[in-house]
1. Give me the number: length gained by fully extending residue 45 to residue 220, i.e. 0.36 nm times residue separation minus the C-alpha to C-alpha distance, one decimal in nm.
2. Just to confirm my numbers, what's the Cα centroid distance between the range 41-57 and the range 191-225 in Å?
3. Sort 205, 24 by Cβ crowding within 10 Å, fewest neighbours at the top.
4. Suppose each label sits 7 Å from its Cα in the direction of the beta carbon; what would the residue 30-residue 143 distance come out to in nanometres?
5. What translational diffusion coefficient, to the nearest whole µm²/s, does the range 49-98 have by Stokes-Einstein, given a Kirkwood radius computed over alpha-carbon pairs, a temperature of 37 °C and 0.692 mPa s viscosity?
6. For residue 110 and residue 181 in the same chain, what is the full-extension length gain: residue separation times 0.36 nm, less their Cα-Cα distance, in nm?
7. Applying a 10 Å radius around every beta-carbon, put 47-53, 131-137 in order of their mean neighbour count, most first.
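Where a number appears in this text, it was derived from the coordinates with a stated rule and is not lab data. Everything quoted here is computed from the prediction, not taken from an experiment. For neighbour counting, all protein chains shown are included, and Cβ atoms are generated from backbone atoms with ideal geometry for every residue, glycine included.
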């Protein structure tokens, strides 16, 4: 009976500790792109990931985390609260992090930046431990933006100013001003409409850049970049 109570108590402690530590995810490139690494506990070095000095963006799911430039929490550190940090360069930490650990609960840190955006803006970014598949693109269509109306003012030619040709600088032409307009269109596409099939299901998405011959998706067929 005592052993059973001990097991129940240990499970309760683990259930309490996990939410406190939360989770932090590091991305190789800005905007939550590139290779992904996540942890729920302290790491004195990213060498096991082959990721020292390579992180450029971070998502903190829960808890506050201390991230440091050097291994074993040496060098300059910063404390990150829950949210999405799409550019570590704004804190001077781009490609500089090598260790991470949960911050002490309730402690005040001078190196804690203002809270970031609460919801990660990474719809097409790879999630931690997510399996990905490379499949062939079946169709691509560039969609142009709506026509733009451009207007300008022209001066209608008229009689020269009496001072014209007498060495007076900056003389004005006579006549009236005429406003002219035309409809134009930017040649750059507003977006690309991309089609592909995955596991027998047709998908059609919009992308800000033209894809190559293949596209990366997860198990649900959702695109990942």
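1. 59.6 nm
2. Rounded to whole Å, the Cα centres lie 30 Å apart.
3. Starting with the residue having the fewest Cβ neighbours, the order is 205, 24.
4. Reported label-point gap for residue 30 and residue 143 is 2.7 nm.
5. In µm²/s, the coefficient rounds to 300.
6. Values: separation 71, 0.36 × 71 = 25.56 nm, distance 5.62 nm.
Result: 19.9 nm gained on full extension.
7. Highest to lowest by the protection proxy: 47-53, 131-137.
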